[in-house]
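The values are calculated or read from the model by the stated rules, or taken from the named source; none is laboratory data. Note that the coordinates shown come from a computational prediction; the quantities given were computed from them, not determined experimentally. For neighbour counting, all protein chains shown are included, and Cβ atoms are generated from backbone atoms with ideal geometry for every residue, glycine included.
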Amino acid sequence: MEAPEPRTVEFDVSERVGESARIAGTYFPPANSEAAKAVLVCLPGATYNRGYFDLQVPGHADYSFARHTAARGYGVVALDHLGTGDSTRPAREFELADQGSAAAAAVARMPEELGHAGPYLAIAHSMGGYVAMLQQAGDSSYAALAILGTSNQFVAQLPPSPEAAAAAQTPEGRAALVDQAAAAFPERFLASDRAPMRSWFYLDNVPDIVVQTDWATTLTVVPRRPAAQGAVPGIASGAAAAVDVPVFLGYGEIDVSPGPHQEAAFFPNSRDVTLYVLAGSAHCHNMATTRHLLWDRLLRWCDTLTTGAAP
């Protein structure tokens, strides 16, 4: 059965933000709304708007995780984080935890807006993984978390100095590192440039038109404080430790984690942690030639949570 056409949605999150604010998204209804399994809430990474989950490449079929998933019977909501894409850019400074709080307010409004009681599962990529972990620790929005291309150690391509690594061992030290990094950014919203990251975002076999379309259609600003936080080792490790729902950890063979097999240890309160390393992929899994292997493995995992099916 073919899924209905997606529609734009907005969620009022003013109460959480402390000023008039909305989170923008796109809702992809499931192929059979009467038998919808769950709703997947997709949170993109730094430099990305929600188009990361619905890439439309001319002449190339099926780079859209959202449409692939809706056809499998799941509702999908792809969101722009607070301060990015079509969502509100607050007048005040804000951090990853504020983005998580705004996302929690949006998820709380989804049953009424979408007509689906849930369960709601997070599909979070890169910096979106930090947002999802902080959101879950603060609001318990989700029945499960899929954290894709996010490291609770440090970003492998940005190894910390010995001094920074030592400081990052405590919350106070991490806060000081964030302040130091943020002070180096003169603007509150940073223009994005993916060119320096191309070698670890995409393998060489990703067609140029895919990369060009990605850069042309999904680029957005990165808010200053979240950008600074994303460079600090263990910035969301406390939130990860509080997560007590099933967790799926996904990485490419080239990715931001210095050791994917060590990432599960950051979720000691989850009794169900799955690790999947996608061969033939770099950090941006949805553009990889092997993307369907991850998508289908991830959806089988979702099926185990919603229908009790074998993985």
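Checking the stated criteria, residue 288 turns out not to satisfy the condition of being out of contact with any strand residue (DSSP E or B) (no Cβ under 7 Å at 6 or more places or on another chain) and of a type outside the set (D, E, K, R).
Residues that are within 24 Å of residue 30 (Cα to Cα) and without any contact (Cβ under 8 Å) to a residue 40 or more places away in the chain occur at least once in the range 278-292. Determine, yes or no, whether residue 107 is surrounded by fewer than 24 Cβ atoms within 10 Å (Cβ to Cβ), aliphatic (A, V, I, L, M), at pLDDT 95 or above and part of a helix (DSSP H, G or I). Yes.
Of these, 26, 84, which one is over 30 Å from residue 304 (Cβ atoms) and under 16 Å from the mean Cα position of the chain (by Cα)? After applying the criteria, what remains is 84.
Answer with yes or no whether residue 192 is surrounded by 15 or more Cβ atoms within 10 Å (Cβ to Cβ), modelled with pLDDT of 95 or more and part of a loop (DSSP other than H, G, I, E, B). No; evaluated as a whole, the condition is false for this residue. Looking at the range 197-218 only, could you name the residues that are surrounded by 14 or more Cβ atoms within 10 Å (Cβ to Cβ), part of a helix (DSSP H, G or I) and not β-branched (Val, Ile, Thr)? Result: 197, 198, 200, 201, 214, 215. Under the condition of being over 17 Å from the mean Cα position of the chain (by Cα) and among the acidic types (Asp, Glu), which residue from the range 243-299 is surrounded by the fewest Cβ atoms within 10 Å (Cβ to Cβ)? Out of the qualifying residues, it is 296. With respect to being of a type in the set (A, V, I, L, M) and over 29 Å from residue 162 (Cβ atoms), residue 206 fits the description. Within the range 219-251, the residues that satisfy the criterion of being of a type outside the set (A, V, I, L, M) and part of a helix (DSSP H, G or I) are 224, 225, 226, 229, 230, 237, 238.
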